[in-house]
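Enquirer: Take a look at this one; I'll ask things after.
Values quoted throughout were computed directly from the atomic coordinates according to the rules given, and no laboratory measurement underlies them. Keep in mind it's a predicted model, so treat the numbers as computed, not measured. Using ideal geometry, Cβ is built from the backbone for each residue, glycine included, and neighbour counts are taken over all protein chains shown.
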Amino acid sequence: MKLSRRGFLKVTGAATTGALLGNFAFNRKSSEAYAQTLRTRYAEESTTICPYCAVGCGMIVSVSRGKVINIEGDPDHPINQGSLCSKGSALFQVANNDRRMTKVLYRAPYSDRWEEKSWDWTISRIAENIKKTRDANWVGKDSKGRVVNRVEAIGALGGAALDNEECYLWSKLARALGIVYLEHQARI
Amino acid sequence: MTNHWIDIKNADCIMIIGSNAAENHPVSFRWVTKAMEKGAKLINVDPRFTRTSSKADIYAPLRSGADIAFINGVMNYIIENNLYDKDYLVDNTNASFLVNEKFSFKNGLYVGYNKKKKKYDKKYWRYQLDENGIPKVDRTLQNPRCVFQLLRKHLSRYNLDEVSAITGTPKHLLLEVAKIYGATGAKGKSGTIMYAMGTTQHTVGTQNVRSYAMLQLLLGNVGIAGGGINALRGESNVQGSTDMALLFHILPGYLKTPRVEDQSLKQYLEHWTPKSADPKSANWWQHTPKYMVSLLKAFWGEHATKGNQFAYSYMPKVSENYSHITMFEAMYDGKIKGLICMGQNPAVGGPNVRKEKKALEKLDWLVAVDLWETETASFWATPEVDPKKIKTEVFMLPAAASMEKEGSITNSGRWMQWRYQAVHPPGDAKSDLWILDKLAKQLKKLYKKDGGAFAEPIVHLNWNYGPKEEPNVHLVAKEINGYDLVTGKLVPSFGKLKDDGTTSSGNWLYCASYTEKGNMAARRDPRDATNKIGLYPNWSWCWPVNRRIIYNRASCDLKGNPHAPHKYVVKWLADEKKWVGDVPDGGWPPGTRHSFIMKPEGHARLFGFGLADGPFPEHYEPLESPVKNRMSKTQINPVTKVWRGAMNEIGNKKKYPIIATTYRVTEHWQAGQMTRNNAWLVELMPDMFVEMSKSLAKSKRIKHGDRVKIKTARGEITAYAVVTERFQAFKLNGRLYEQVGLPWHFGYKGLAQGFSANILTPHVGDANTMIPEYKAFLCNVEKEV
Amino acid sequence: MAAKAILFDLDKCIGCRACQVACKAWNQLPGEETRFFAAAGGYQNPPSLSPKTYTLVKFYETTVGDKFRWMFRKHQCMQCVDPACVKACPVEPVKAMTHDKKLGVVYVNKELCIGCGACYEYCPFGIPRIDDKTEKATKCTFCYDRVSNGMEPACVKACPTDCLVYGDRDMILEMAHKAQKRLKAKGRNPQIYGERELGTGCSKIYVLPEPLGYFPDLPKKPKVSEDLGLFHEFLKPLGSLSISAAVIGLVIARVKEARQTEEVTEKVEA
């Protein structure tokens, strides 16, 4: 029944725009002279999928000058047809939030504070740690002499919020490292 | 989900059990509502009256941890009153299969139980085979050794009075549910079951799910529109992360992780490739060698050769359970030195979090990748610990949010959907893809330069995602789909994969997702399929091979005529010799292959001999329960591993007489980092609370809005009391037992802070999956003074 | 162009509060710093409408007959067909409280508003709030920017179950009556609210699944205060030049005082 959902959203994969505008959507030109300007009118739009639960609702992200200025449901998406829940409706605040982490932080052993670090330093330090732990705890064969090629001293957790391609690379890298404590949210 | 979100609209009856869909998957209710507008009935079975219950035609209260008794009772009623779909059972399930003469069940135990090992020897949990090695059947379902008769006997113990005494569900409601849901057994009618963590987070979680699936099979509700067994998954890509095997026991595409016994590729393939003597069984897993070799080729490329068993030795071999609880027990014992957390927050979300946080203190190093400062990353900075005593080196890496990077995620209905980058991540934040790429390259460099323990799998790892700073996500997506290594072209579907090393595929299930025709996950064609049941086959893509409703051959009779012509999923056009509608479960003509193609016997299993804890679901009490098991002397799941020792105390009903359960709410999400940092959501639900009945509050002199202490054997928390009619005591065996409920989203970081409910939960898991028993434990409450 | 309306079919509401957040997101309103709000059962928050909150969902736990019910109602400006707030608005010649009669939208023109509070004082539902910082009246705008551009209001668009529907008022009323029939057939005792209230009705139409009495915060018989006439009489001699928030405040107080005196007189006479 929601024939006017679409409005002026520019992202349309559909040939159905005309039909959807239907009988009680109306023409912008005839609206009042003092009708307000839509704040998203000149924004660039792209589609995304909600990062909260696994319903997989479609969303439209409006961007102006490199900033997200609005996120709302994608009216063309067959699952949510423009609607969202309270969490999905709040996604704007994930894109614009001064509580977001913007620096690599490091806490040295026994320290009581974070310090900022560069990516280069951090990646090489983490890689060294992984290598050191892996090499020192490598199990090539078990007590019965059978080949196991694994390391039980490194754990890997998480991934349900990652993209498929990220999950795949993590899955692949972890196996190459011989990690067997490989787990994520699906288990709990 | 066997079906998908939109398909809920096709149901005649919807049973939401172990799920609070209205709160945790609100948009699912778009389709529940549409079904109800067409006259569908909504049944909600839950320990508490939720926002889902508020919409239900029938709300049946169920004591947490008693699902099996409930469903067994419903199934018993359905069998005894002939509401089941006999044709469906004979054609599609193992109901008619004869079972080994020595299979038996006594005192809550199936034959073959080893008390010392807490394990079953399953040698008698088998079919009787004929001289060709094909299971013997009795299509009349009368043979006392056929699965149907054994099931009937097993269920006969679950009469409605008995069930009511276990579940606390009033008998008249049990009857109403059995009748109304049982009516979907009629031809052309469909009932769907929506479930979630309320089902799985028990020591009998897997058997809970099984009982639902069996109910659906009895009623002929699997493979049809508006039917199925539908797990409502809670994280945007938890389906994809499972498919990609971020779990110790599987490889991508649900191939098995090599075990120590599988020393060679040959041994592995012999062990894990099922065989079937039945020519009518598609036995899909017979293709395991093609999928495994193609995976090894995707991982190690040119270094995976026939000569080295396609680098099979590079794959780690497991010999025990390495699941979440085991990991934290090993960490607590000092066996794990380093931990990498990709967007997971176990300091809030793990069971028994006091212990899990203590375990983090034993690490040499911790890497936490997230959008926010989590309780896990800053475990050393909590009020109760002294950072000066904690050795752990901690790296907190800022990650990009969903709209700041490009890639795909897979929803609960198996739809793989592409997302685009809208903006750059803030500051130094990077995509996980970038972080993993940088880390892999650095490790490859280190091992190439300095060598090290078994360096080959790392040095030889196939890792090339373009020359740019940001790895090319399309190259990764294409690798997952797979290539024909002879032509260099993308493989069109998994039917083309080979076991000779001439194809690669990072995940056979995702074969056909990114082909020479393009990126299927990015499709946006809004047209429905010819059967107009809401499949939208050209919108995004779904695994396997874009089949939107799986096991769909079961929706037709053996001639290919749909049982529900008005909402058919597939149907056979005899003249044109083809299936139309959804992508069928294999294109063979009707009647030539059994419908459940993933099982070697081609039939869905009412008798599930693959499970660790029995071929039929049997009621056992939760680890912590206020009552004795009425069904047998076997109090808890006999196969469940119970951890003892430090910080693993188990509470008894004297000290902790109240049942407790944990759950989620609409306004927050999981361990909270994505919502407790969001002012609009924090506004809606700013504080931790505990819900309880008026009778419990009265007896404890607690008033609505009071601060209340909740204690279990593991710990103590405080929360605001919500005293409400939505909570009621359960009448079990004539006595009243109270329950309380706690949301588990809170922690000590973020805008909204509060005690984590998981301080209270135990380290014990399901016998098959080790999913923690978050949903039923014992506590006590008192007013804070 | 026909007047618009929003249907609130409470029977379909799942209390997810998408509408509440979508309103904040579209109107870029900040989150409020709330705490556990016991008085409303524990789920509702913020406690009331405010300059930061134009709409909120209220939760009702109640027993109807022998059946326990948990019902949810989205609360906001009713967008009256004949809005008292517009009449009350002392800003002349162009009212700050603006009524687009064609669309049936009532919204605050913040450039003209003097924050006097007359709109709140005379609103039969007690809706508008005055923002202390900006000294402007605030309330649901019916997403005037969206609806005047051919889009539906943000709250309606977000609603997962279509318990909120936006459209021509005639059509919305028709839907309301259909919903009422559907609920009656299910044995409920539904009531439409907003169709004829205040005589000419509102643009927000509720289908309450149970009688009005189960929603104690909805005025049973909303009416425009008789003081409104008196208020304008008192204003007239002052002329438009002297209109300021402070003066209007004094006038409102004076009107109340006069009314009280009148009441006392009436009582004495009786």
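Enquirer: Charges on Cβ only, +1 for Lys and Arg, -1 for Asp and Glu, centred on the Cα centroid of the range B:658-783; of B:F689, B:W669, B:H745, which one is farthest towards the dipole's positive end?
Expert: B:F689
Enquirer: While we're looking at this one, here's another question. Rounded to the nearest 500, what is chain B's calculated 222 nm mean residue ellipticity when only DSSP H runs of at least 4 contribute -39500 (n - 2.57) each, over all residues?
Expert: -6500 deg cm²/dmol
Enquirer: Rounded to the nearest Å, what's the spacing between the alpha carbon centres of the range A:77-112 and the range B:245-298? Just the number, please.
Expert: With the range A:77-112 and the range B:245-298 each reduced to a Cα centre, they are spaced 38 Å.
Enquirer: Return the average number of partner chain Cβ atoms within 10 angstrom of each residue Cβ along peptide B:658-668.
Expert: Average neighbour count from other chains, rounded to a whole number: 2.
Enquirer: Whole percent per 10 Å bin, from 0 to the bin with the longest distance: what is P(r) over all C-alpha pairs of chain C?
Expert: 6, 28, 34, 22, 9, 1, 0
Enquirer: Can you pull out the trypsin sites (Lys or Arg not before Pro) in the range B:641-750 whose DSSP state is coil and whose Cβ has at most 11 other Cβ atoms within 10 Å?
Expert: B:R644, B:K654, B:R701
Enquirer: Still on this structure, I have one more. With charges set only on the Cβ (+1 for Lys and Arg, -1 for Asp and Glu), what does the dipole of the protein assembly as shown come to about its Cα centre, in debye to the nearest 20?
Expert: The dipole magnitude comes to about 2300 debye.
Enquirer: Just want to confirm a number: the relative contact order over chain B, from Cα pairs under 8 angstrom separated by 6+ residues, in percent.
Expert: 16 percent
Enquirer: Which aspartates and glutamates have a Cα less than 15 Å from the Cα of B:K703, not counting those fewer than 8 places away in the same chain?
Expert: B:E691, B:E725, B:E782, B:E784
Enquirer: Here's another thing I want to ask about it. Using each residue's phi in the range B:752-758, evaluate 6.51 cos²θ - 1.76 cosθ + 1.60 at θ = phi - 60° and report the 3J(HN,Hα) Karplus result to the nearest Hz, with x for Gly and Pro.
Expert: Result, ordered by residue: 9, 10, x, 5, 7, 4, 6 Hz.
Enquirer: Run the numbers on the range A:37-135 and let me know its relative contact order in percent, using alpha-carbon pairs under 8 Å that are six or more apart.
Expert: 15 percent
Enquirer: GNM, chain C, Cα, under 10 Å: largest mean-square fluctuation among C:E195, C:E92, C:E33?
Expert: Sorting by GNM fluctuation, first place goes to C:E33.
Enquirer: Within 10 Å of each Cβ in B:621-628, how many Cβ atoms from other chains are there, averaged over the peptide?
Expert: Other-chain Cβ atoms within 10 Å of each residue's Cβ, averaged: 0.
Enquirer: Students often check this: by mean Cβ neighbours within 10 Å, which of C:114-122, B:216-224 ranks highest, and how do the rest follow?
Expert: The packing order, highest mean first, is B:216-224, C:114-122.
Enquirer: A follow-up question, please. Using the alpha-carbon centroid of each, what span in Å lies between the range B:534-579 and the range B:362-418?
Expert: Between the Cα centre of the range B:534-579 and that of the range B:362-418, the gap is 42 Å.
Enquirer: Among all helices in chain C defined by DSSP H, which have a length of 20 Å or more along the axis from Cα atoms plus a Kyte-Doolittle mean of at least -0.5?
Expert: Helices meeting the span and hydropathy rule in chain C are C:245-269.
Enquirer: OK, next. 5 Å is the cut-off here: which amide hydrogens, built 1.01 Å from N in the peptide plane, fall below it relative to B:G482, excluding neighbours closer than 5 in sequence?
Expert: B:V491, B:G506
Enquirer: What ranking do A:H77, B:H619, C:H177 get, fewest neighbouring Cβ atoms within 10 angstrom at the top?
Expert: Listed from fewest to most nearby Cβ atoms, that is C:H177, A:H77, B:H619.
Enquirer: Can you give the Rg to Rh ratio for the range B:595-663, taking only C-alpha atoms and Rh from Kirkwood?
Expert: Checking Rg against Rh, the ratio lands at 1.12.
Enquirer: How would you rank A:96-104, B:407-415, C:22-30, highest first, on the average number of other Cβ atoms within 10 Å across their residues?
Expert: Top of the packing list down: B:407-415, C:22-30, A:96-104.
Enquirer: Specify the inter-centroid distance of the range B:113-179 and the range C:144-163, based on alpha-carbon positions, in whole Å.
Expert: Taking the Cα centre of the range C:144-163 as reference, the centre of the range B:113-179 is 52 Å away.
Enquirer: Which shape class applies to the protein assembly as shown: rounded if a/c is under 1.5, otherwise prolate when a/b exceeds b/c and oblate if not, where a ≥ b ≥ c are the square roots of the Cα gyration tensor eigenvalues?
Expert: It is prolate, given that a/c is not under 1.5 and a/b is the larger ratio.
Enquirer: Okay, next question. If you count, for every residue in B:687-700, the Cβ atoms of partner chains within 10 Å of its Cβ, what is the mean?
Expert: Mean partner shielding for this stretch: 1.
Enquirer: Quick check: from the Cα gyration tensor, does chain B come out rounded (a/c under 1.5), prolate or oblate?
Expert: Rounded.
Enquirer: Same structure again: Is the range B:658-783 rounded, prolate or oblate when judged by the Cα gyration tensor, a ≥ b ≥ c being the square roots of its eigenvalues, rounded requiring a/c under 1.5 and prolate requiring a/b larger than b/c?
Expert: oblate
Enquirer: May I ask which of A:K172/B:K496; B:K653/B:K783; B:K266/B:K335; B:K468/B:K489; B:K405/B:K449; B:K102/B:K187 have a Cα-Cα span longer than 26 Å here?
Expert: In this structure, B:K266/B:K335; B:K405/B:K449; B:K102/B:K187 exceed 26 Å between Cα atoms.
Enquirer: Going through the cross-link list B:K55/B:K532; C:K157/C:K204; A:K117/B:K391; B:K749/C:K74; C:K101/C:K204; A:K132/B:K749, which pairs have a Cα-Cα distance over 21 Å in this structure?
Expert: Checking Cα-Cα distances, B:K55/B:K532; B:K749/C:K74; A:K132/B:K749 exceed 21 Å.
Enquirer: How high is the relative contact order of the range B:658-783, in percent, counting Cα pairs under 8 Å that sit 6 or more residues apart?
Expert: Averaging sequence separation for qualifying contacts and normalising by length gives 36 percent for the range B:658-783.
Enquirer: Continuing with the same structure: Would you work out which of B:N629, B:A368, B:N507 lies farthest towards the positive end of the dipole of chain B, given +1 charges on the beta-carbon of Lys and Arg and -1 on that of Asp and Glu, about the Cα centre?
Expert: Selected residue: B:N629.
Enquirer: Consider all pairwise Cα distances in the range B:585-627 and report the whole-number % of them above 12 Å.
Expert: 71 percent
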